[in-house]
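The values are calculated or read from the model by the stated rules, or taken from the named source; none is laboratory data. Everything numeric here is computed off the predicted structure, so don't read it as measured data. Cβ: placed from backbone, ideal geometry, glycine included. Neighbour counts: every protein chain shown. Heavy atoms of the whole protein, side chains included, go into the accessibility calculation; ligands, DNA and RNA do not. Shrake-Rupley method; radii C 1.70, N 1.55, O 1.52, S 1.80 Å.
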Amino acid sequence: MGKNNKKKEDEPKKSDFKSFLKKRAPIYLGIVAIFVVFVIPELTKGNLENSFPDNLTNEEKQILEILMAYNGPNEKGLTVLNAIKEQIAKEYPDEKIYDNKKTKVELNITKVDSTENYKVVLIFESYKGKIDYIWNVNQITKEIKAESSNAKHVIDIVNYYD
């Protein structure tokens, strides 16, 4: 009897945690691989909003929000932001255009005179060319006037969207 007890004490104890990991390591590795392959690219996917500068003042952010959230006189349906996205998607079907090194999005918001009017210039440039959007936005009345033909086209799409 005494010999059996000594044998049990001499054997090294197996770590429960090690055996747990050894059994499930392929499962955890698969989960991490799926996360890296599918989830991270979707989270870091480039889009128009991510291309806007981060160093805007509060006033400029407010003007940009007024413009991009504008959804026509009926206040329902398509917004300016979504209309621009659709135009870019039509121009570059089945492409990840924001991942292209030649794609640049510039946004300039400047105050016009001493009034509450701001000039918003959005320039989308890619390997196919340049698209300029120029609007005047009134901060108080939230009135938006298109100054370029591309901007007018976007406003028309938003205004007459059903």
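What to note about this one:
- Each residue in segment 119-142 was checked for being assigned to a strand (DSSP E or B) and of a type outside the set (A, V, I, L, M), and 11 of them qualify.
- Checklist (1) at pLDDT 85 or above; (2) part of a loop (DSSP other than H, G, I, E, B) applied to L107, failing item: (2)
- Residues located in segment 72-96, provided they are open to solvent by 40 Å² or more (accessible area, probe 1.4 Å), of a type outside the set (G, A, S) and more than 14 Å from the chain's Cα centre (by Cα): P73, N74, E75, K76, E86, Q87, K90, E91, P93, D94, E95
- Residue pairs meeting the criteria (Cβ under 9 Å; at least 6 apart or on separate chains; first not assigned by the TED database to the domain that holds L67, in segment 96-119; second open to solvent by 50 Å² or more (accessible area, probe 1.4 Å)): none
- For the residues K128, K101, K111, K142, the requirement of being under 18 Å from P53 (Cβ atoms) and of a type in the set (K, R) singles out K111.
- Taken together, the residues in segment 124-136 that are open to solvent by less than 40 Å² (accessible area, probe 1.4 Å) and modelled with pLDDT under 90 amount to 4.
- Pairs, first in the same structural domain as K142 (by the TED database) and open to solvent by less than 70 Å² (accessible area, probe 1.4 Å) in segment 57-68, second among the basic types (K, R) and not in a helix (DSSP H, G or I), C-beta under 7 Å, six or more apart: I66/K142
- Qualifying positions in segment 48-61 - of a type outside the set (A, V, I, L, M) and within 18 Å of the chain's Cα centre (by Cα): E49, N50, S51, F52, P53, D54, N55, K61
- Among helices (runs of 4 or more DSSP H) entirely within segment 1-77, having at least 1 residues that are modelled with pLDDT of 80 or more singles out 16-34, 58-69.
- Among the residues here, K145 qualifies as of a type in the set (K, R), without any contact (Cβ under 8 Å) to a residue 24 or more places away in the chain and in a strand (DSSP E or B).
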